[in-house]
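Since every read-out is calculated from the coordinates, none of them should be taken as a lab result. Just so it is clear, the structure is predicted and the values come from calculations on it, not from any experiment. All Cβ positions, even for glycine, are placed from backbone atoms using ideal geometry, and neighbour counts span all protein chains on display.
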There are 2 protein chains.
Amino acid sequence: MPATTSTKVHNFSAGPCILPPEVFQKAAQAVLDLDGSGLSILEISHRSKPFEAIMANARQLVKDLLDAPSHYETVFLGGGASMGFHLVPQNFMKPGGKGAYAHTGEWSKRAIKEAKIAGEAVVVASSEDKNFNYIPKGFAIPGEADYFHFTSNNTIYGTQYKQFPKSVVPMICDMSSDIFSRPVNVSDFALIYAGAQKNMGPAGATMYLFNPEALGKTGRTLSPMMDLANHAAKDSMYNTPPVFPVYVIMLTLEWMKSNGGVAGIRKRNTAKAELLYSTVDRLPIFQGTTAKEDRSDMNATFILKDAALEPAFDEMWKAAGISGIRGHRSVGGYRASMYNALPLESVMALTEVMEEFAKKNG
Amino acid sequence: MPATTSTKVHNFSAGPCILPPEVFQKAAQAVLDLDGSGLSILEISHRSKPFEAIMANARQLVKDLLDAPSHYETVFLGGGASMGFHLVPQNFMKPGGKGAYAHTGEWSKRAIKEAKIAGEAVVVASSEDKNFNYIPKGFAIPGEADYFHFTSNNTIYGTQYKQFPKSVVPMICDMSSDIFSRPVNVSDFALIYAGAQKNMGPAGATMYLFNPEALGKTGRTLSPMMDLANHAAKDSMYNTPPVFPVYVIMLTLEWMKSNGGVAGIRKRNTAKAELLYSTVDRLPIFQGTTAKEDRSDMNATFILKDAALEPAFDEMWKAAGISGIRGHRSVGGYRASMYNALPLESVMALTEVMEEFAKKNG
């Protein structure tokens, strides 16, 4: 039975989320037969030549796309960015030392919680006073901290750092929800990590891009599974890696490369975000929920000023084949996630519904 | 472009390894369109109703197939069984306590290494004296140990416990390479864990089946990511799970259920192993490498008595469409891995090549 596709949905899911159609096609083909080998990508050994090439290619593509310094290392591990929250203090915090954290939402909260289990966490900036609807700016990072950690984009609240902080201590960033959406000066960071399931691939792998010279300085005895240097030394194959997620990441990174790289992606992301936010701002029945200067290009959050209109609006966008724009349960309202692979056409479909709804209810 | 399959290979890979053909078909279809939803399994939210049902189904199937006590819990986490090696002392060893380990090969070695980082590991039995070619028996497990850990099947050396040890302390088993290959009395175990990529699904998820009453007794403050009780309390969705690997696990478990369950699987595994080992024993040019009573039904290891014949033998089995029977680099010779989804026909293809080769070189 050949695999088939039904009518496509406009998928605004906050993650796991849409990937490019050619990635779905190639991934489905590889599940049946990887490159004419007669074997499924699901049944090949991770020590086979085809998979070694896939892993090497995926690791290199990360560095190429982000123009990373050549000595930086990339590994793909299981466990999600939540495992990253745990690995950060393990790899960067001295026993008795402390990590500095900017607190901008649910994910930074979890990262801080992990640091407090390992030692001390100092919150150097927070937007909790306004339910995380802005990005703190102009804060000081203590020079005696072992590292400074922040979350570049906050999926739930819809805020995003437009300029990155400057730090004299090693800077670490969870870029799970905006990695590869815009250029980054990688050498400013000791570690960038990101769960794959927004802009990079499916759930099941997390990417760590780091300066190996920043590791091995804590004096901690680490489990080999917790030790980023160990994973890099084993070419991201200390143990069986998440084979299929890494394969789909490779396909997605190849798609990015052949579509103008990160600069090209950013251009399209800007166009999508401008269309959506300008629609929200122009139609008086809608209202954005975050500070304008901190609006995320990835996750646009907005409300209907009259919440009583929600059921009618929900009916209309669902009828237009739109999926996944209900806001996170902790915020309510709406959230349109516009990750790299979401086409402009999907944003046009949504904004047309918004216009039409405003006309009827304005 | 519809996805297609080329001529099928006899895949004896030691893992990741062969899965049932209908699982490959259904998984490929779901990558394009999950159950007619218009969405790929790779792009749906893990908080969506379809995926919540998949996760619940996969968790329940584990318990049904192994006839586990109803209060036992199942979770699927990233990181492989190597993460399991780390989680065992975190969840079961008191600070200042110790774990008892049986040492039967590479995987027990890694498990012991992790325990030594967390505290004390006592090796209560070992087959290292004979390069792990047998299973130790009749050993004593100290009553003051926090737990006893063993590896039910040793992929590299081709040995397998035919009877499980008895333990007065909580018993923990890494069943990565023979889970679901035979019935197990689950209530004898505080924890059974297994990387998915042999008998259960693709790489990228590890199954933990445990008695929740055996947890929370160490006094350790655990990271939420390291805490099995936390993952169970969150229905295996504390953070984004490895969505696609869990889906393929569910498909594979459904296949098992509709093919006679574990009892039916065992019958077929026994037939495959008997055919292969009887061929090895009958043909004088071959020789098994492990103690006969400890021979693994999953991984049969053997050598050509005259190693000079290897290139000619390799040519012959490759020509017959056979893949993956070279022994592990640390042992040499040959290893035929015969996991649940390997059809008897593949073993027949291999034994026919062995017969033919013996005739020519006898």
What base-10 log of the normalised intensity I(q)/I(0) is obtained for the protein assembly as shown from the Debye formula, alpha carbons as equal point scatterers, at q = 0.05, 0.06, 0.10, 0.12 Å⁻¹?
-> -0.25, -0.36, -0.99, -1.36
Could you tell me what percent of the DSSP beta bridges with both partners in the protein assembly as shown are antiparallel, to the nearest 5?
-> 55 percent
Which percent of Cα pairs goes in each bin when the distances of the stretch B:164-257 are cut into 10 angstrom slices starting at zero?
-> 14, 43, 35, 8, 0
Which log10 I(q)/I(0) values, to two decimals, does the stretch A:1-102 give at q = 0.12, 0.15, 0.24 Å⁻¹ under the Debye formula with one point per Cα?
-> -0.69, -0.98, -1.33
Sorted from shortest, what are the nm distances separating the label point of B:PHE139 from equivalent points in the other copies, each placed 7 Å from Cα along Cα to C-beta?
-> 5.1
Counting only residues 5 or more apart in sequence or on a different chain, those whose built amide H sits under 5 Å from that of A:LYS98 are A:ASP146
Under 12 Å Cα-Cα from B:LYS166, which aspartates and glutamates qualify once same-chain neighbours fewer than 8 residues away are excluded?
-> B:ASP188
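For chain A, what proportion of DSSP beta bridges, expressed in % and rounded to the nearest 5, is antiparallel?
Close to 55 percent.
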The pairs in A:LYS272/B:LYS234; B:LYS272/B:LYS359; A:LYS8/A:LYS292 lying past 25 Å Cα-Cα in this model are A:LYS272/B:LYS234; A:LYS8/A:LYS292
Show the residues, 5+ positions off or on another chain, whose built amide H is closer than 5 Å to the amide H of B:ILE18.
-> B:SER13
Where in the stretch A:334-360 does the amide nitrogen come within less than 19 Å of the point 7 Å from the Cα of A:ALA307, taken along Cα to Cβ?
-> A:334-336
In nanometres, the difference between 0.36 nm per residue of separation and the alpha-carbon distance of B:SER258 and B:ASN361 is 32.8 nm
Could you please state, rounded to a whole Å, how far the C-alpha centre of the stretch B:181-215 is from the C-alpha centre of the stretch A:263-277?
-> 46 Å
Check: the protein assembly as shown dipole with +1 on Lys, Arg Cβ and -1 on Asp, Glu Cβ, in debye = 540 debye
From the Cα centre of the stretch A:110-146 to that of the stretch B:46-120, the distance in Å is 32 Å
Starting from the Cα gyration tensor of the stretch A:261-361, multiply each eigenvalue by 5, take the square root, and state the resulting semi-axes largest first in whole Å.
-> 22, 15, 13
Once phi is turned into ³J(HN,Hα) by the Karplus curve 6.51 cos²θ - 1.76 cosθ + 1.60 with θ = phi - 60°, what whole-Hz value does each residue of the stretch A:252-257 show in order, with x for glycine and proline?
-> 5, 5, 5, 4, 4, 4
Along Cα→Cβ, 7 Å out, is where each label goes; now give me the distance between the ones at A:LYS63 and A:LEU344 in nm to one decimal.
-> 3.4 nm
Isotropic mean projected area of the C-alpha convex hull, the stretch B:63-194 (nm²) | 7.8 nm²
Inter-copy label distances at B:ARG282, 7 Å along the Cα→beta-carbon direction, one decimal in nm, shortest first?
-> 8.0
The protein assembly as shown, helix-only ellipticity at 222 nm - DSSP H runs n ≥ 4, -39,500 (n - 2.57), divided by all residues, nearest 500 | -11500 deg cm²/dmol
Put +1 on the Cβ of each Lys and Arg and -1 on the Cβ of each Asp and Glu in the protein assembly as shown; which of B:PRO16, A:PRO170, A:MET250 then has its Cα farthest toward the positive end of the dipole?
-> A:PRO170
Placed amide H near B:ARG326: partners under 5 Å, 5+ positions off or other chain = B:ARG335
Pop a pseudo-label 7 angstrom from the Cα along the beta-carbon direction at both B:VAL122 and B:GLU315 and give the gap in nm to one decimal.
-> 5.7 nm
From the backbone phi of the stretch A:167-172, what are the Karplus-calculated ³J(HN,Hα) couplings (6.51 cos²θ - 1.76 cosθ + 1.60, θ = phi - 60°) in whole Hz, Gly and Pro given as x?
-> 9, 8, 9, x, 9, 10
Kindly provide the pair-distance distribution of chain A built from C-alpha pairs, with 20 Å bins from 0 and whole-percent values in order of increasing distance.
-> 29, 55, 15, 0
Under a straight-distance cross-link criterion of Cα-Cα below 16 Å, which lysines are reachable from A:LYS217, leaving out those fewer than 8 residues away in the same chain?
-> A:LYS94, A:LYS98
Phi angles of the stretch B:118-132, converted by Karplus (6.51 cos²θ - 1.76 cosθ + 1.60, θ = phi - 60°) into ³J(HN,Hα) in whole Hz with x for Gly and Pro, give 7, x, 10, 10, 9, 8, 8, 6, 8, 10, 5, 4, 10, 6, 6
Neighbouring Cβ atoms within 10 Å as the yardstick, rank A:LEU309, A:LEU66 fewest first.
-> A:LEU309, A:LEU66
Work out the FRET efficiency for A:ALA291 and B:SER70 from their Cβ-Cβ distance, taking R0 = 35 Å, and round it to the nearest 0.05.
-> 0.10
